[in-house]
Every structure is written in C-alpha cells, then in structure tokens.
Amino acid sequence: MTKAELIETIKRQTPIGQKFTTADVEAMLKTLDRIVVRELVLGGCVPLPGIGMLEVKTRKARKGRNPRTGAAITIPACKVVRLRVAGSLKNAVNQ
C-alpha cells in the first residue's frame, strides 16, 4: 500500500457524517508523525490500538564481521524503535 492508497482508504472508510478531504487526511498523518517522533525521542512509548505499541529499546554493542573483508568489527550500541505487535493483529495475520 502506498501513502496515496492509505489516504484514499481512510477517506473512503470514514463515517458518512465526517467526510475528510485529501488535505485533511494528509494533515492528520503529518500530525501523527510529529507526535510519534516527539514521544519516542523523549523516551516514551506510543500505543497504536489494534496494532501494537511503539517503543525505543537500546541495543548493546556487539561484535560483527565486515562482509566484504571478513574482518572482525565492533558494532556500537544504538537505540532502535521496536513495535510490539498486539495479540489481535497476530491472530488476524495467522488465520
């Protein structure tokens, strides 16, 4: 699904009394993006009802190999965004 397809799907599936324009839906998605980024940068987590929970985890430094040369390297510690998937979504996908 592309961004344009997502926007069209949201427009089509909104209740009849609340019709949104393409610009309205794009503005909502941009606002959601800003909220999620701000919350994750501050160390919080973001619930996505029916989908799961976005959270930031710290990945420890670890040893790896350069695939080109085979030389051992140390991969530094970093923060990663993790999605803990909701049980209802797991069940729906696995049926």
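The values are calculated or read from the model by the stated rules, or taken from the named source; none is laboratory data. Bear in mind that the values here come from a model prediction, so they are computed numbers and not experimental data. Using ideal geometry, Cβ is built from the backbone for each residue, glycine included, and neighbour counts are taken over all protein chains shown. Accessible surface areas use protein heavy atoms only, side chains included; no ligands, DNA or RNA. Shrake-Rupley method; radii C 1.70, N 1.55, O 1.52, S 1.80 Å.
Scanning region 77-95 for residues that are outside any helix (DSSP H, G or I) and open to solvent by less than 70 Å² (accessible area, probe 1.4 Å) returns 77, 78, 80, 85, 86.
Every residue in region 20-67 that is polar (S, T, N, Q) and either surrounded by 12 or more Cβ atoms within 10 Å (Cβ to Cβ) or not in a helix (DSSP H, G or I) (or both), please. Give the steps one after another, and end with the answer.
Residues of region 20-67 polar (S, T, N, Q): 21-22, 31, 58, 66.
Once the filter is applied, which keeps residues that are polar (S, T, N, Q) and either surrounded by 12 or more Cβ atoms within 10 Å (Cβ to Cβ) or not in a helix (DSSP H, G or I) (or both), region 20-67 yields 21, 22, 58, 66.
Quick check on residue 8: is it closer than 25 Å to residue 93 by Cα, of a type in the set (D, E, K, R) and either surrounded by 11 or more Cβ atoms within 10 Å (Cβ to Cβ) or touching a Leu at 6+ places or on another chain (Cβ under 7 Å) (or both)? Criteria met by residue 8.
Going through (1) assigned to a strand (DSSP E or B); (2) exposed (fewer than 10 other Cβ atoms within 10 Å of the Cβ); (3) under 17 Å from the mean Cα position of the chain (by Cα); (4) without any contact (Cβ under 8 Å) to a residue 24 or more places away in the chain one by one, residue 74 falls short only on (3).
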